[in-house]
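*Asks:* Sharing a structure here in structure tokens format.
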Amino acid sequence: MSASIAGALLLICRKLLTALIQLWVVATLIFSVMYIMPGDPVLLLLGADSNPSPEAIASMRAQLGLDQPAVSQYFVWLWNALHLDFGKSLTNGYPVSNYVMQNLPRTLELAFVAIIIAALVGVPLGVAAALKRGSTRDTVLTSIATLGISVPVYIVGTLLVLVFSLKLGWLPASGYTDIARNVVEHFRKLALPAIALGLGLAASIARMTRSSVLEILGRDFVRALRAKGMSERRIIWQHVLRNAAIPIVTIIGLQLGNLMGGTVLVEAMFNWPGLSTLLVGAVSARNYPLVQGSMLAIAAAFILINLLVELLYSLLDPRIRRKRS
Amino acid sequence: MLEVKNLSIGFRTHAGLKSAVRNIDFTVRPGEIVGLVGESGSGKTITSLGVMGLLPPNAVVTGGEVLVDGVDILKLSAAELRKLRGRHVAMVFQDPMASLDPIFTCGDQIVEAILLHEPIGRANACKKARELLEKVRIPDPDRAMRSYPHELSGGQCQRIMIAMAVACKPRIIIADEPTTALDVTVQKQVLELLRALNKEVGAAVLLITHDLGVIYEVADRVVVMYAGNKMEEATTADLFAAPQNDYSRALIDSMPSPGKYEDRLPVIERDADGNIRSVRPEPKVKASPVPVAIKDETPILELRDLCKSYWVKPSPLSTPVEMRAVDQVSLTIAPRTTLGLVGESGCGKSTLSRVVMRLLEPSAGQILFKGKDIAKLPESQMRPFRRELAMVFQNPYGSLNPRHSVADLVEAPMAIFSDGDSASRQERVRTLIEAVGLPTTAAQKYPHEFSGGQRQRIAIARALALKPSLVICDEAVSALDVSVQAQVLNLLKDLQAEFDLTYLFISHDLSVVEHVSDTVAVMQKGKVVECGTASAIFSNPQEPYTRMLLEAVPTIGTPRCEKEGA
């Protein structure tokens, strides 16, 4: 028993180490991209139109540490990033970490609610389609899923707004209310963007569930379970779905990761002040520290989610658990 | 009691209903073991699934009755049928590992089976499951309860399946090829277990198998099926003593069995009128005089102290220890002879073949091919030797690319080595296809259009494309039916004479090895324990392990009482 616990700890440590290395590589890439990119933040900061004097430029450079050699800049940046200090916003001088800490939870919340909706809709639909393979029900469900994947989120979003806020008036069309200020209003405003995101994702989850469940249904042990006298419903929910879970969990994890930086359209459309909005604003304002900070936050969230998914694999499948240890 | 009356089953296809099983009749009485024997496609598995009410969705029962203690299960509703399954009628399947859910422990699965039909509480069910595991004589039942299926061997998994099947004391047990996936020694134990449990529980057992030896060992009566029809029903003794039906006779004839060496195996043929008979084909006569193997000729292949090690960690924190899959193996194969390599699964025989092919790197030792050591050659210098070594794999369904036509498949090795121009390659493809006994029209077809035996012929044609001198056959006939196996074995012998081939023939099946081999090596745990001429090994085995293997083979002709005493 103690050996298997030690094995599990070892596995987690190894995964954490890999995650840290990944994060470091990403941080390095972000730094170099920003360094190589054309455009001078100093000129930007001083206002290129005002023709700043060379002395002013030089003093600004020294102030930002940009007169140092690239390598030392890199290490200073990395060291600060380790302490969650991503520098100050070039536009107003507020610490970047404040912005990131403020917007990251909003995007995380939107993404998680969207993915839960997607899973709650997608998995049962996928199972339903797989159980009646080749029937009208399967064809209809699969076609809806294909449609769901191909329709862009802004069309789904527009339709939702049209129906639920303009026609029916049930939900607000856009905006954000802090949860501390008004809980009900917070979730009412979260509903439409989360559903808009979730439906598209549900479609691909449904398709993955369908094919994965179909594959498992063909296995010998399902026939053996029937021969034991188990009811079809129990076979599906207790045995088939758990065996089919790994590809489904994989796609959910990937989608969740992608949502970290991929909620731009929905955030813009529903006026949801999340991380994507922050990043897009920072890029167009060439606010370099803010871009770096939010990119790193997105990457960290992505890596963390992947780490959780991989640990989930070992929980789901004893074969993976024992093989690694 | 199980009574099957006039059962007919068909498959719904695009071309209408295709009959798979026609008017099958048989009865299995309590305490009796009835064997249902036939080749693949004979409808024996479909019959058994029909009896369980587990037919695939595209199959329909077109007539007849299946009476379980007088109740026609074909008329029962799904819910009633479900209550019957597991409690009244239990089933043991062919591939035990695949028939257990991989992500639940074996204990949980037995407990689940008990609780489905007997609501006695989890704790009691656990206790009962453990008792069952003791009854099926699994080593260390507590560990088995906690283990996942992949942590146990195939034989242990089958014991778990049997424990599950007898959990609710069923009246009828259907065993579908229960020992086909197991080693002979394990097969023997599992069959004995089935027999003993049957005596105790008193169930009616329907044993489905293609292996006549297994039938001979355990069945009281036999039903022979062919192409969906019942050919014969007789007591086991009568069937083997005097088969009444032509097909039964041919089937019994085509089975190679130890101690009954024949140069050519009889095969089953149907003449123009549809009559079935057993034919013993004459060996092909070679046009040019056959060069006889000369004693002092350099061997084609000589292995010297060949080793292949893997490093495994017994627990996550310990240092890796060496696991020798192939341990100091030394062998020689003379030109134009066949070396049969036998051993149970996991003994390292497949690893050995892959090391010889240099698909795996040897850890130590020499591989002398025609006198030259190829063990350490870099891939670039290995290339000319690759022409000389060919391989035929076990699974003819997996080893042929389904998107390539037969002509493409057979031509591929020649194309890789840019052997001749396109026209001459096509010519050679035609010759090879003819040599392996396929019609010339086969060239344009795709693998799925062929049966298992025909596919293995295609694989053999491909192996011969570059005129190799050594062909490694890794369980090349193990996936085939007895009569098809006989055809392919005859073909291999013909080709050996025709193309001066040398074979390394790897198999777990001792009777097949005896039939094809000139010399035999017996492997156990990575080591060659005994090596000698085929006749010496089979008539006078020296090592206890060899003797044990030989004794475990179910053989027709050994008196029944002798085995019951064992």
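Readers should treat all values here as calculations from the given coordinates under stated rules, not as data from a laboratory. Bear in mind that the values here come from a model prediction, so they are computed numbers and not experimental data. For neighbour counting, all protein chains shown are included, and Cβ atoms are generated from backbone atoms with ideal geometry for every residue, glycine included.
*Asks:* Please go through the residue pairs B:Lys18/B:Lys230; B:Lys5/B:Lys230; B:Lys135/B:Lys527; A:Lys228/B:Lys18 and name each one whose alpha carbons sit more than 23 Å apart in this structure.
*Replies:* Among B:Lys18/B:Lys230; B:Lys5/B:Lys230; B:Lys135/B:Lys527; A:Lys228/B:Lys18, the Cα-Cα distance tops 23 Å for B:Lys135/B:Lys527; A:Lys228/B:Lys18.
*Asks:* Name all residues of segment A:207-232 having a backbone nitrogen under 19 Å from the label point set 7 Å from the Cα of A:Gln238 along its Cα→Cβ direction, giving them as ranges.
*Replies:* Answer for segment A:207-232: A:216-232.
*Asks:* Of the beta bridges DSSP finds with both residues in the protein assembly as shown, what % are antiparallel, to the nearest 5? Walk me through the numbers before you get to the answer.
*Replies:* Details: 52 of 89 bridges.
Restricted to the protein assembly as shown, the bridges split so that about 60 percent are antiparallel.
*Asks:* Test of understanding: ordering A:Leu64, B:Leu501 by Cβ neighbours within 10 Å, fewest first, what list do you get?
*Replies:* With the sparsest Cβ surroundings first, the list reads A:Leu64, B:Leu501.
*Asks:* Let me ask something else about it. Measuring from label point to label point, each 7 Å out along Cα→Cβ, what is the A:His186 to A:Tyr74 span in nm?
*Replies:* For A:His186 paired with A:Tyr74, the spin-label model returns 4.2 nm.
*Asks:* Now for a different question. Filter chain A for me: DSSP H helices, axial length by Cα at least 27 angstrom, mean Kyte-Doolittle hydropathy not below 0.0. List them by residue number. Write down the numbers at each step before the final one.
*Replies:* Values: long enough: A:2-36 (51 Å, 1.81); A:96-131 (51 Å, 1.49); A:183-217 (44 Å, 1.00); A:241-262 (31 Å, 1.09); A:288-316 (42 Å, 1.77).
Correct list, ordered by number: A:2-36, A:96-131, A:183-217, A:241-262, A:288-316.
*Asks:* With each pseudo-label sitting 7 Å past Cα toward Cβ, what's the B:Glu297-A:Leu9 distance in nm, one decimal?
*Replies:* Label at B:Glu297, label at A:Leu9, 6.5 nm between them.
*Asks:* Let's test the formula: R0 of 35 Å, r as the Cβ-Cβ distance of A:Val264 and A:Val163. What FRET efficiency results, to the nearest 0.05?
*Replies:* Computed FRET efficiency for A:Val264 and A:Val163: 0.90.
*Asks:* When the gyration tensor of segment B:301-554 is built from Cα positions, what are the square roots of 5 times its three eigenvalues, in whole Å, from largest to smallest?
*Replies:* Working: eigenvalues 192, 101, 62 Å².
The equivalent ellipsoid of segment B:301-554 has semi-axes of 31, 22, 18 Å.
*Asks:* At a Förster distance of 60 Å, what's the computed FRET efficiency of B:Asp419 paired with B:Asp305, Cβ-Cβ distance as r, to 0.05? The partial results should precede the final answer.
*Replies:* On the way: r = 35 Å, r/R0 = 0.58.
Plugging the Cβ-Cβ distance into 1/(1 + (r/R0)^6) gives 0.95.
*Asks:* Rank the residues A:Met34, A:Met269 as a footprinting-exposure proxy: fewest other Cβ atoms within 10 Å of their Cβ go first.
*Replies:* Final ranking by Cβ density, sparse to dense: A:Met34, A:Met269.
*Asks:* For labels at B:Leu76 and B:His150 in the simple 7 Å Cα→Cβ model, what's the distance in nm?
*Replies:* 3.5
*Asks:* Which log10 I(q)/I(0) values, to two decimals, does segment A:105-324 give at q = 0.09, 0.10, 0.12, 0.17 Å⁻¹ under the Debye formula with one point per Cα?
*Replies:* For segment A:105-324, the Cα-only Debye profile gives -0.45, -0.54, -0.75, -1.20.
*Asks:* Still on this structure: As I understand it, the value is the acute angle between the Cα axis of helix B:422-435 and the longest principal axis of the Cα atoms of chain B; what does it come to in degrees, rounded to 10?
*Replies:* 50
*Asks:* Output the 0 to 90 degree angle, nearest 10, between the alpha-carbon long axis of helix B:482-499 and the longest principal axis computed from the alpha carbons of chain B.
*Replies:* Here the helix axis deviates by roughly 0 degrees.
*Asks:* A follow-up question, please. Rounded to two decimal places and with Rh computed the Kirkwood way over Cα pairs, what is Rg over Rh for the protein assembly as shown? Provide the component values of the computation, followed by the final result.
*Replies:* On the way: Rg = 34.5 Å, Rh = 32.7 Å.
In the protein assembly as shown, Rg relative to Rh is 1.05.
*Asks:* Still on this structure: Strictly over 30 Å apart at the Cα level, which of B:Lys349/B:Lys376; B:Lys127/B:Lys313; B:Lys44/B:Lys128 would you flag in this model?
*Replies:* Where the Cα-Cα span goes over 30 Å, the pairs concerned are B:Lys127/B:Lys313; B:Lys44/B:Lys128.
*Asks:* Rounded to the nearest 10 degrees, what's the angle between the helix B:452-463 long axis and the longest principal axis of chain B, both from Cα atoms, 0 to 90?
*Replies:* Helix B:452-463 sits at roughly 20 degrees to that axis.
*Asks:* Rounded if a/c is under 1.5, else prolate if a/b beats b/c, else oblate: with a ≥ b ≥ c from the C-alpha gyration tensor eigenvalues square-rooted, which is segment A:2-82?
*Replies:* Values: a/c = 5.08, a/b = 3.77, b/c = 1.35.
It comes out prolate by the Cα gyration axes.
*Asks:* Within a 10 angstrom radius of the beta carbon, how do B:Asp246, B:Asp305, B:Asp327 rank from fewest other beta carbons to most? Please list the in-between numbers first.
*Replies:* On the way: B:Asp246 17, B:Asp305 12, B:Asp327 20.
Fewest-to-most ranking of B:Asp246, B:Asp305, B:Asp327: B:Asp305, B:Asp246, B:Asp327.
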